[in-house]
Amino acid sequence: MSFRLFDAPLREPSQFVGFAGNTIDRQSENRADDSVEKALADPSTRLLLMHGGRLYLKSGDGGFDPWFGAKESQPLEASLDLGVLLGFSEHGPVLAVPAGIEPEQLPETIKAIDYRSVYMQGLIDEAAAGALAQGAALLAWHASHRFCSKCGTESEMRAGGYKRLCPACGTEHFPRTDPVAIMLTATPEKCLLGRGRHFAPGMYSALAGFIEPGETIEAAVRRETLEEAGIRLGRVVYHASQPWPFPYSLMIGCFGEPLNDDIQADLNELEDCRWFYRDEVRSMLAREHPGGLVTPPKGAIAYNLIRAWADSA
Ligand SMILES: [Zn+2]
């Protein structure tokens, strides 16, 4: 019998999704309370500037450039004291910093673009998009966790932004990542796709939901599929994951094997949910469906789950 555990494709499926190309060396073992200060003293340090869910980008003939020097960031009212050290690139230290200036006050040459559009439109390279996912999640966590959840005192940033410490009760708080299961229920012939109420016209996607405390990934996949579609699952297998900075999730993509056929959609959650046969799905992936139905765009983990299934036979 062969050892099948590592019988995986050469390129991990996770490497095909948006926000997955982070190449920063985090050097987590070296994080110290003066890490940000030291990085800012290094002239090679580069900053990503963010404000209200948007990335600030220099725009020119060569496209968009998300990297700013520390001096260059001053007119944009960068709060360097609230910066987080993401780690080190081949060019030097990399920080994510909140910018104070409002988008409408920016000079002509700098654009404020929401994170989703930055990645959907491929405005920056994969490595920069990966750094954006890391920085956006950390800045969002700091912005919404200013006060100690144990005693209510305002806490302080430590360890280059990878910790908050309460000066009153000494409790340490660490950045969180919220796991979300996203699953494609499929047989060799057909797969289950649903339409959320706020989806773009014609779009169908894999079902998804937050993993709850005390739940395995597989249990969450089975529970969500039963709740949303009335479909019981047998085998569940992991496929790929995606950092998802809205605000700090990790999408965990799985395939599930259905045990029954009769869908009972939860119409509070979904507008529609049905089985799709392979030819129809292929036309949706190719944006050639006669009725205008589409899958989520390339880069989305749902697209990659659907694509992997459609290409599997
Ligand atoms: Zn406290």
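Span-like helix criteria (full DSSP H runs; alpha carbon extent of at least 24 Å along the helix axis; mean Kyte-Doolittle hydropathy of at least 0.0) are satisfied in the chain by 126-144. Amide H contacts under 5 Å for His239: Gly253, Cys254, Phe255, restricted to partners 5 or more places along the chain or on a different chain, H placed in the peptide plane at 1.01 Å from N.
Extension gain for Leu80-Ala313 works out to 78.7 nm (0.36 nm per residue, less the C-alpha to C-alpha distance). Just the protein heavy atoms count here, and of the accessible area of the stretch 91-163 at 1.4 Å, carbon and sulfur take up 50 percent.
Across the options Tyr248, Ser28, Ala129, the greatest Cα extent toward the positive end of the charge dipole of the chain (unit charges at beta carbon of Lys, Arg, Asp, Glu) belongs to Ser28.
When nucleic acids and ligands are ignored and a 1.4 Å probe is applied, Asp65 ends up with an accessible area of around 60 Å². In this structure, Asp61 and Ala286 have a Cβ-Cβ separation that, at R0 = 35 Å, corresponds to a calculated FRET efficiency of about 0.60. Under a 5 Å amide H cut-off, with hydrogens placed 1.01 Å from N, Met203 pairs with Val294 among residues at least 5 apart or on other chains.
Using a simple spin-label model with points 7 Å from Cα along the Cα→Cβ vector, what separation in nm is obtained for Asp125 and Glu102? According to this spin-label approximation, the distance is 3.6 nm.
What the chain shows is 52 Å² of accessible area per residue, with the surface traced by a 1.4 Å probe over protein heavy atoms.
The heavy atoms of Asp262 present about 100 square angstrom of accessible area, all protein chains included, probe 1.4 Å.
Counting only other residues whose beta carbon sits under 15 Å from that of Arg282, what net charge do I get with K and R as +1, D and E as -1? Neighbour charge sum, excluding Arg282 itself: 0. The GluC sites (Glu not before Pro) of the stretch 212-287 meeting both criteria, a DSSP state outside H, G, I, E and B (loop) and at most 16 other C-beta atoms within 10 angstrom of the site's C-beta, are Glu215, Glu269. When a/c is below 1.5 the answer is rounded, else prolate if a/b is larger than b/c, else oblate, so apply that to the stretch 95-186 with a ≥ b ≥ c taken from the square roots of the Cα gyration tensor eigenvalues. Oblate, because a/c is 1.5 or more while a/b does not exceed b/c.
Using the Cα gyration tensor of the chain, with a ≥ b ≥ c the square roots of its eigenvalues, what is the shape: rounded (a/c below 1.5), prolate (a/b larger than b/c) or oblate (neither)? Taking the square roots of the gyration eigenvalues as a ≥ b ≥ c, the chain is prolate. Rounded to the nearest 20, the size of the Cβ-charge dipole of the stretch 178-311 about its Cα centre is 420 debye, with Lys and Arg at +1 and Asp and Glu at -1. Accessible surface ranking for Glu108, Glu257, 1.4 angstrom probe, highest first: Glu108, Glu257. The HN-Hα couplings worked out from phi for the stretch 40-49 by the Karplus form 6.51 cos²θ - 1.76 cosθ + 1.60 (θ = phi - 60°) are 5, 7, 8, x, 7, 5, 10, 10, 9, 10 Hz, whole numbers, x standing for Gly and Pro. Judged by the ratio a/c of the largest to the smallest principal axis of the C-alpha gyration tensor, the stretch 13-148 counts as rounded, that ratio being less than 1.5. Element breakdown for the stretch 178-311 at a 1.4 angstrom probe: carbon and sulfur atoms account for 55% of the accessible area. For Thr23 and Ile217, the FRET efficiency from 1/(1 + (r/R0)^6), where r spans their Cβ atoms and R0 equals 45 Å, is about 0.95.
The values are calculated or read from the model by the stated rules, or taken from the named source; none is laboratory data. Computed from a prediction, not measured in an experiment: that's the story for all the values here. Glycine also receives a Cβ, built like all others from the backbone with ideal geometry; neighbour counts cover every protein chain displayed. Note: accessible area is taken over every heavy atom of the protein model, side chains too, but ligands, DNA and RNA are not part of it. Shrake-Rupley method; radii C 1.70, N 1.55, O 1.52, S 1.80 Å.
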